[in-house]
1. Apply 1/(1 + (r/R0)^6) to the Cβ-Cβ distance of Ala241 and Tyr115, taking R0 = 60 Å, and write down the FRET efficiency to the nearest 0.05.
2. Mind listing the long-range amide H neighbours of Leu417? Cut-off is under 5 Å, sequence gap 5 or more, other chains count too, H placed in the peptide plane at 1.01 Å from N.
3. Which whole-Hz couplings ³J(HN,Hα) result when phi for each residue of the range 179-186 is put into the Karplus expression 6.51 cos²θ - 1.76 cosθ + 1.60, θ = phi - 60°, listed in order with x for Gly and Pro?
4. Around Met378, which amide H atoms from residues at least 5 apart in sequence, or from another chain, sit under 5 Å from its own amide H, with H modelled in the peptide plane?
5. From the Cα gyration tensor of the range 353-451, with a ≥ b ≥ c the square roots of its eigenvalues, which class applies: rounded if a/c is under 1.5, or else prolate if a/b is larger than b/c, or else oblate?
6. Can you sort Leu71, Leu103 so the residue with the fewest Cβ neighbours within 10 Å comes first?
7. Describe numerically, in nm with one decimal, the distance between label points set 7 Å from Cα along Cα→Cβ at Lys357 and at Asn91.
8. Could you please rank Thr102, Thr230, placing first whichever residue has the fewest other Cβ atoms within 10 Å of its Cβ?
Amino acid sequence: MLLWPLTGNAQTAKNKTKAAPASPEIAEKQADLGELRSRIEGLRKDLNASEESKADAGDRLRESERQISRLQRELHDLGEQRGRLQKQLQNLEQQSKELTSTLGQQQSQLEKLLYKQYLRGTPDSLQLLLNGDDPNQMARDLHYLSAIALTRTELMGEISATLDKKKALAADAKERANELKDVEAQQQERHGDLQKQREDRKALYAQVSDKVNAQRKEIGNLQQNEKRLTDLIDRLSKILAAQAAQAAQAARAAEAARAAEAARLAEAARHKEKEKEREKTRPRPSDDEKETPRPPPVSEPPRAKPVEAENRYEPAASDGSFARQKGNLRLPVRGTVAGRFGSPRDGGGTWRGLFIKAGVGSDVKAVANGRVVFAEWMRGFGNLLIVDHGDSYLSIYGNNDSLLKQVGQAVKGGETLATVGNSGGNPDSGLYFEIRHQGQPIDPMKWASLK
């Protein structure tokens, strides 16, 4: 049997939900997230302002690759929204089927009641009495007919309620279908924009490819890119360390407030227990005593210390779980490990991470739980994404075709962050991957297993 109260006017509930104000905790989280994004946006602008004045051929691809990433992210979000709407429509269709079945049962019951009432007719109690019928039988018949009439009334009310629910359900389904239609139209539009942007990038890359390859082979060019990334990591680390300190201070204040409250409650309990013991040992006055017993002295309970509001949101805190996963991580993308940590690379220097060759569009997944702290195009690394795992551990994902997450978003191990590409002027399609601890690159293969 369908639980009707759960399938009432869904639109009304939705409107109430929309109208409800955000809770203080949610508002606090949003403010903290806004502060993080603002500080990282300022960092991004500072880095762009400090770029070398020498023109880089790869920079001509910057806006095109940024647009490709944005359009891919919008398509990804629209795809998730479409999936949710399709699931909602399936649920609404199932509820509609259940309501139809319930309505059929109610109408069948009503038909039976009407038939029984038709067979009995509508007797006049005075006429039955004058006919000399058995009074007891007459009373039973009247009671039976009264029960049928009451049941019929209740059943009519249930049928009316069921019809109202079906009407509300149909309106809700129509609205979800319209939303789905709008989403599909937006998807089609984004697909067209993305195709055009890819064609523009392809044409532009054909124009600058020779210059891009030449600049990649210039002595010191690679070192400059690596220095740029290191500067970014250092400044990000300072931002995250400052947030961690703020979170730790708030946590200590909250813990102190909880301890003070616990001490106050314990003291009040001890005081109450002492009062009970004194009451037990106090001598009782005899019946002959005329003196009115004095009430026991009431001592003023200790005043509670002011309790500060507790902040449960710790954006930079970590339980250290990332460090415990050493040797058990999986690389973020399936493919061939072409460049290994510490080995020489073209253009001078050595690899400070891994380059994993993979097809364009392959999913890039987070290696562990964390939070996105950078998601932007950067010279030499293209569409770059950085995840903070806590305890000064960062994972870095470069040369992506698109970035599907934005700064401040929490991610789980195995969750898709981006898609593989060759942004940043990289001739090969694949992912550049690093792990850093306290700003220093460490060998990912000592943390990840290929078996």
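Readers should treat all values here as calculations from the given coordinates under stated rules, not as data from a laboratory. Nothing here was measured: the structure is a model prediction, and the numbers come from that model. Don't worry about glycine lacking a Cβ; one is built from the backbone with ideal geometry, like all the others, and counts go over all protein chains shown.
1. Numbers: r = 81 Å, r/R0 = 1.35.
Approximately 0.15, to the nearest 0.05.
2. Close amide H contacts, sequence-distant or interchain: Val364, Lys365, Ala366.
3. Values, residue by residue: 4, 4, 4, 5, 4, 5, 5, 5 Hz.
4. Residues meeting the amide H criterion: Asn383, Leu384.
5. Working: a/c = 1.43, a/b = 1.23, b/c = 1.16.
Judged from the Cα gyration tensor, the range 353-451 comes out rounded (a/c under 1.5).
6. Working: Leu71 21, Leu103 16.
Ascending Cβ contact count within 10 Å gives the list Leu103, Leu71.
7. 4.6
8. Working: Thr102 18, Thr230 15.
Fewest-to-most Cβ neighbours within 10 Å comes out as Thr230, Thr102.
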